[in-house]
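To start, the structure under review is shown below, and the notes come after it.
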Amino acid sequence: MGVFSKAESERDARGLNGGRGDLKAALSGKPPETISTLDHGVLVIGNIVSEGTLQIFGRVNGDIAASHLIVKEGAQIEGNIVAQEAVILGTCKGVIHGNGVKLQGAAIVEGEIYSKSLSIEHEAQFEGVSRRLDRPVDAPSAAPIVIPTKITLAPETAQAGAAAEPVSA
């Protein structure tokens, strides 16, 4: 073996998954964990569901359900949060449900926290009520999104006495 060659086990591990990730992840058959990120300057108005880890740097006005949620410093959330694990470094207003909730750094949380485990660092601020959960929070599943269809009458059939047929918008 040359001075700069890799050990045989390292070469084999890279060969299984193209040099990305871990040998154990490749052998387990599970896809690598997806980490979704909402970057600075992004404003989401509406609800978010993530089966994996969700990092938020921007703003969300709506409810969030995620397996693992990280609200980064400077991020702002107005809405309810349901996550197995939640780490808050930014600002949150609403109700938080989680197995483990950590308020770290310059976190500011106003509302209610329902958790099995809650930790609040010295610099973090929490104003509200905390209650212990009896049952653990489950990971969210991607339920199909149902978009209601708007039914309107076609202009030519909307005359008095004419039979109206629905038209999808």
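The values are calculated or read from the model by the stated rules, or taken from the named source; none is laboratory data. Just so it is clear, the model here is predicted, and its values are computed rather than measured. Quick reminder, even Gly has a Cβ in these numbers, built from the backbone with ideal geometry, and neighbours come from all protein chains shown.
What about A66, is it closer than 28 Å to R135 by Cα, crowded, with 18+ Cβ neighbours inside 10 Å and in contact with a Cys (Cβ under 8 Å, 6 or more places away or on another chain)? Let's see the steps before the verdict.
Numbers: closer than 28 Å to R135 by Cα: yes; crowded, with 18+ Cβ neighbours inside 10 Å: yes; in contact with a Cys (Cβ under 8 Å, 6 or more places away or on another chain): no.
Answer is no for this residue.
Please state which of the following conditions E110 fails to meet, knowing it meets all the rest: (1) in contact with an Asp or Glu (Cβ under 6 Å, 6 or more places away or on another chain); (2) among the charged types (D, E, K, R); (3) surrounded by 19 or more Cβ atoms within 10 Å (Cβ to Cβ).
(3)
Answer with yes or no whether G100 is small (G, A, S), part of a strand (DSSP E or B) and over 20 Å from I45 (Cα atoms).
Working: small (G, A, S): yes; part of a strand (DSSP E or B): yes; over 20 Å from I45 (Cα atoms): yes.
In short, yes.
For region 39-53, name all the residues that are free of Cβ contacts under 8 Å to residues at least 24 places away in the same chain and over 12 Å from G79 (Cβ atoms).
First, the residues of region 39-53 that are free of Cβ contacts under 8 Å to residues at least 24 places away in the same chain: 39, 41-46, 48, 52-53.
Of everything in region 39-53, those that are free of Cβ contacts under 8 Å to residues at least 24 places away in the same chain and over 12 Å from G79 (Cβ atoms) turn out to be D39, G41, V42, L43, G52, T53.
When the residues of region 73-95 are filtered to those that are among the β-branched types (V, I, T) and either within 13 Å of the chain's Cα centre (by Cα) or surrounded by fewer than 17 Cβ atoms within 10 Å (Cβ to Cβ) (or both), which remaining residue is farthest from A139 (Cα to Cα)? I'd like the intermediate steps shown before the answer.
Of region 73-95, the ones among the β-branched types (V, I, T) are 77, 81-82, 87-88, 91, 95.
Keeping just the survivors that are either within 13 Å of the chain's Cα centre (by Cα) or surrounded by fewer than 17 Cβ atoms within 10 Å (Cβ to Cβ) (or both) gives 77, 81-82, 87-88, 95.
Numbers: I77: 20, I81: 12, V82: 9, V87: 16, I88: 18, V95: 17 Å.
Looking at the filtered set, the residue picked out is I77.
Which of (1) out of contact with any Phe, Trp or Tyr (no Cβ under 9 Å at 6 or more places or on another chain); (2) modelled with pLDDT under 95; (3) surrounded by 12 or more Cβ atoms within 10 Å (Cβ to Cβ); (4) in a loop (DSSP other than H, G, I, E, B) does V167 not meet, given it meets every other one?
Looking at each condition in turn, V167 falls short on (4).
On the given criteria, is A154 of a type in the set (A, V, I, L, M), surrounded by 11 or more Cβ atoms within 10 Å (Cβ to Cβ) and modelled with pLDDT under 95? Spell out how you get there, then give the answer.
On the way: of a type in the set (A, V, I, L, M): yes; surrounded by 11 or more Cβ atoms within 10 Å (Cβ to Cβ): yes; modelled with pLDDT under 95: yes.
Criteria met by A154.
Going through region 33-59 one residue at a time, which ones are surrounded by fewer than 17 Cβ atoms within 10 Å (Cβ to Cβ) and over 17 Å from S141 (Cα atoms)? Before you say what the answer is, go through the steps one by one.
As a first pass, look at region 33-59 and keep what is surrounded by fewer than 17 Cβ atoms within 10 Å (Cβ to Cβ): 33-37, 39-47, 49, 51-52.
Of everything in region 33-59, those that are surrounded by fewer than 17 Cβ atoms within 10 Å (Cβ to Cβ) and over 17 Å from S141 (Cα atoms) turn out to be T37, D39, H40, G41, V42, L43, V44, I45, G46.
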